[in-house]
1. Where the convex hull is taken over the Cα atoms of the stretch 74-148, what is its projected area averaged over directions, in nm²?
2. Pop a pseudo-label 7 angstrom from the Cα along the beta-carbon direction at both GLU150 and ASP135 and give the gap in nm to one decimal.
3. Amide H to amide H, which residues 5 or more places from VAL240 or on other chains are under 5 Å from it, using H placed in the peptide plane?
4. Once the Cα atoms of helix 263-280 and of the chain are each reduced to a long axis, what angle between those two axes, in degrees from 0 to 90 to the nearest 10, is obtained?
5. Please find, in a Gaussian network model of the chain (springs between Cα atoms separated by less than 10 Å), the residue of GLY61, GLY121, GLY263 whose mean-square fluctuation is greatest.
6. Dividing the alpha-carbon Rg of the stretch 49-199 by 2.2 N^0.38 Å yields what?
7. Name the most mobile residue of ASN237, ASN273, ASN52, meaning the one with the largest mean-square fluctuation, in a Gaussian network model of the chain with Cα contacts below 10 Å.
8. Please determine, in degrees from 0 to 90 and to the nearest 10, the orientation of helix 44-59 with respect to the longest principal axis defined by the Cα atoms of the chain, where the helix direction is its Cα long axis.
Amino acid sequence: MSSAIINGKEIGQEIRGAVATRVEALKAKGVTPGLAVILVGDNPASKTYVANKQKSCEQIGMFSELIKLPEDISEQALLEQISELNTRSDIHGILVQLPLPKHIDEDQVIQAISPEKDVDGFSPISVGKMMLGQDTYLPCTPYGVMKLLEHSGIEIAGKHAVIVGRSHIVGKPMGQLLLQKDATVTYTHSKTPDLPSFTKQADILIAAVGRPNFITKEHIKEGAVVIDVGINRNEQNKLVGDVNFTEVCEIASHITPVPGGVGPMTITMLLENTVQAAEKELE
Ligand code: GUN
């Protein structure tokens, strides 16, 4: 068997089209959705991510402002910058690109973002609301994975979803969102003994460990849906996921490629969250 490929680029484009229509409608009412992106320092990967976010905003007619701050900026100065953005009426969403330099307390910074503008969904208030199933901004990557599953017609209720990875950004919220759709969820991670004994039970496997080709055919049940959240560079500097695609696509029923799977969905959902924030201005 060869898996059906879940095309995140295509699904992302379709959703972005719908988001662009909502941007037009907002603009007709005098509101241009605005996203502020704060980039601290010169991390090359962060610079690329931020440039992609800005380009995507422009492509669908949104306003985006990049605030570049030096590596040695004080935590206090960064917090002041966020306070100012919290009060600006042209900014509906605020994103602080992570990771931050070591001398800055990330938790303090994320907490400083007004929950109404927390389009990354990382603040304790957003996370708490998500846990309770209340209306809030969902973290973009797990939200994007839910959209991929939905658009691919994959049933979630009653399925066993196994998450590999327990990060605040992906693993933990991913399990919550699947649970809310009535999946049975198992969390595993790098210290789980005999990992294949868990992953082999998965109807839906989410790989979010951040290790190239970590998930092999020994981890997969025949017919499983495999979602690869990993973005790693291998020895040849090529982008690869957490899943050994060549091996696993012989066994899985559906699989996301890297690149072109989950990646394009993260920015798509950021755009969606920001438009949602702007729409609240008119409520
Ligand atoms: N760094 C890596 N991924 C992300 C993300 O989704 N949001 C932010 N703010 N920083 C990141």
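Read-outs: derived from the displayed coordinates by stated rules, not from any lab. Bear in mind that the values here come from a model prediction, so they are computed numbers and not experimental data. Backbone-built Cβ (ideal geometry, glycine too); neighbour counts: all protein chains shown.
1. So the mean shadow area of the Cα hull is 5.5 nm².
2. 1.6
3. ASN232, ARG233, ASN234
4. Rounded to the nearest ten degrees, it is 40.
5. Among GLY61, GLY121, GLY263, the largest GNM mean-square fluctuation belongs to GLY61.
6. So the stretch 49-199 has a normalised radius of gyration of 1.19.
7. ASN237
8. The answer is roughly 70 degrees.
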